[in-house]
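Asker: Before we start, here is the structure in question, set down as structure tokens.
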Amino acid sequence: MQFPHLYSPYKRNVLKVLILALVLVCLICASTVPFLWESKSLWYKLGIDKTLLQLGKVAGLWAAVLLYLQIILALKIKILDRILGLDRVYYIHQLNGYLILCLVVIHVSLVLIPEGINNLPIGWKFWPEIVGAAAFLLLIGIVISARFRRALLSYHVWRRFHRPLGYILVVIISIHILYVSDSFENTVPKYVLFGVVGCVVLAILWFKIKYLINLRRYFDIEEIVPVTDDIVSIHLTSPQPFSYAPGQFAFLRFSGHQISSEPHPFTIASAPGYNDTLQFYIKKSGDWTADITSLSQGSPTVHGPFGLFSYKTRSTAKDLIFIAAGIGITPMLSMLREISQHSNPPEILLIWSMRYHTEMFLEREFTELRKTLPKLTTSYVYTREDGGKRITKELLEKLLMEKSKDSHIYICGPERMMKSSRDALVAMGYSKNNIFWERFAL
């Protein structure tokens, strides 16, 4: 089966370079403003004071460029997902937030040092500076709430405020830039700023329109079946074709009084063309997922697919190694189901870590898969049974003793488990370029 919505590794690498080059060009252009279009505040500064003030302005403009980029990164834009994978887009979004805060701190420090603490711009005459200070405080609040969200707020409450506050921050920062310095009274900087803000606004509107259109694509709940004490299987049917690659995920959104309506990401466990339904295995790990079992009917929406965690996004490998923990088995299951339809499947080793034997809910299916995949080997690890084990370097050395160092390895589970497994594999001689994992925790 062909997947036209996936980009080849070569195309992804080329587009990554182009995106990086575009961001660097924007930063370089922003750097020229304090030098080519000097504000009057620089006319009376000399030596180190003038240099510090110019560098402070550069830091502030860099922060603004990255803030506009931050809005784009949060929009679930499909082309960015196809190039980077949405999990990495969101990870860049997180790191970019910290970088913006650092640049704003540098901006404030370098602008205030030449003026001195006794000459702080206080009073309504300096309203653009006061607006900038308000933006600084708002930015600190947004970053802190995102960093410590799990300890402070539930996801659906935090999500309700995070994005609107980001939009408000963009407006405040844009007003501050436009009026705090007469550099932007000049034609070129002013209209470039208008152009950048306009592009961001158009991107937001385009995303919102597409999202609202997607909300009209309702799926039907075919069945919801508990498979263990804390995992349910959901089958959805769609009146329209839904194209996806094995291992990809989508955002599910249910509406109704039984459950809150914010979207949540889940891996599609079914395989493309496997049947006419989408299957999801969902683990109860919070208020939202705990309410899933109360649904008996409704018309959820599915936004996606997203992600690059699929063997279809890479070159063909003779050996595949799947390492999963808990509900992290779902992308592996989707890929195994798809591979079982191949005429010449590769050798596959599946290592699945669970806490107890009672969490094994796919034993019958794996027995059937081994009939169509004679080169499939499975190894189950139980961590909390008597004599329980974990996925360690020693265990991997034992299980992978006869595996080629050119194998492609896919890891899915808790982030600590994925990191420790990747470090162990690298220490064993496997290339980082052949080890793939997907981080996605809200």
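None of the figures in this text is laboratory data; all of them are computed from the coordinates on show. Every value quoted in this text rests on a predicted model; they were computed, and no experiment measured them. Positions of Cβ are generated from backbone atoms using ideal geometry, with glycine treated the same way; all protein chains shown enter the neighbour counts.
Asker: Give me Trp158, Trp437 sorted ascending by neighbouring Cβ count inside 10 Å, so fewest comes first.
Answerer: Lowest count first: Trp158, Trp437.
Asker: Hey, another quick one. What is the fewest-to-most order of Thr301, Thr237, Thr316 by other Cβ atoms lying within 10 Å of their Cβ? Numbers along the way, then the final one.
Answerer: Numbers: Thr301 20, Thr237 14, Thr316 9.
Lowest count first: Thr316, Thr237, Thr301.
Asker: In addition: Quote to one decimal, in nm, the extra length available between Leu27 and Lys40 on full extension: 0.36 nm per residue of separation minus the C-alpha distance between them. Show your work: numbers first, answer last.
Answerer: Details: separation 13, 0.36 × 13 = 4.68 nm, distance 2.28 nm.
Here the answer is 2.4 nm.
Asker: How high is the relative contact order of the chain? Use alpha-carbon pairs under 8 Å, at least six apart in sequence, and give a whole percent.
Answerer: Contact order relative to length: 13 percent.
Asker: Now for a separate question. Compute the FRET efficiency between Ala427 and Tyr380 as 1/(1 + (r/R0)^6), taking r as their Cβ-Cβ distance and R0 = 25 Å, and round to the nearest 0.05.
Answerer: 0.60
Asker: Length gain on complete extension for the stretch Ile92 to Gln240, per 0.36 nm per residue less the alpha carbon to alpha carbon distance?
Answerer: Length gained between Ile92 and Gln240: 50.0 nm.
Asker: State, to one decimal in nm, how far the label point of Lys190 lies from the label point of Arg364, with both points 7 Å from Cα in the Cβ direction.
Answerer: In this crude label model, Lys190 to Arg364 measures out at 7.3 nm.
Asker: Turning to a different aspect of this structure: Between Tyr10 and Leu112, with labels modelled 7 Å along Cα→Cβ, what's the label distance in nm to one decimal, could you check?
Answerer: 5.4
Asker: Counting helices only, and only those DSSP H runs with n ≥ 4, report the 222 nm mean residue ellipticity of the chain as the sum of -39,500 (n - 2.57) divided by its residues, in deg cm²/dmol to the nearest 500.
Answerer: It comes out at -16500 deg cm²/dmol, rounded to the nearest 500.
Asker: Here's something else I'd like to know. Which ordering of Arg253, Arg439 is given by a fewest-first count of other beta-carbon atoms within 10 Å? Provide the component values of the computation, followed by the final result.
Answerer: Values: Arg253 18, Arg439 15.
Going from least to most buried by this count: Arg439, Arg253.
Asker: Using θ = phi - 60° and the Karplus curve 6.51 cos²θ - 1.76 cosθ + 1.60, what whole-Hz ³J(HN,Hα) does each residue of segment 26-31 get, with Gly and Pro shown as x?
Answerer: 4, 5, 5, 4, 4, 5
Asker: Which order do peptides 191-200, 349-358, 327-336 fall in by mean Cβ count within 10 Å, highest first?
Answerer: Values: 191-200: 14.6, 349-358: 18.5, 327-336: 24.4.
Going by the mean number of other Cβ atoms within 10 Å, highest first, we get 327-336, 349-358, 191-200.
Asker: For labels at Tyr179 and Glu223 in the simple 7 Å Cα→Cβ model, what's the distance in nm?
Answerer: With each label placed 7 Å out from Cα toward Cβ, I get 6.3 nm.
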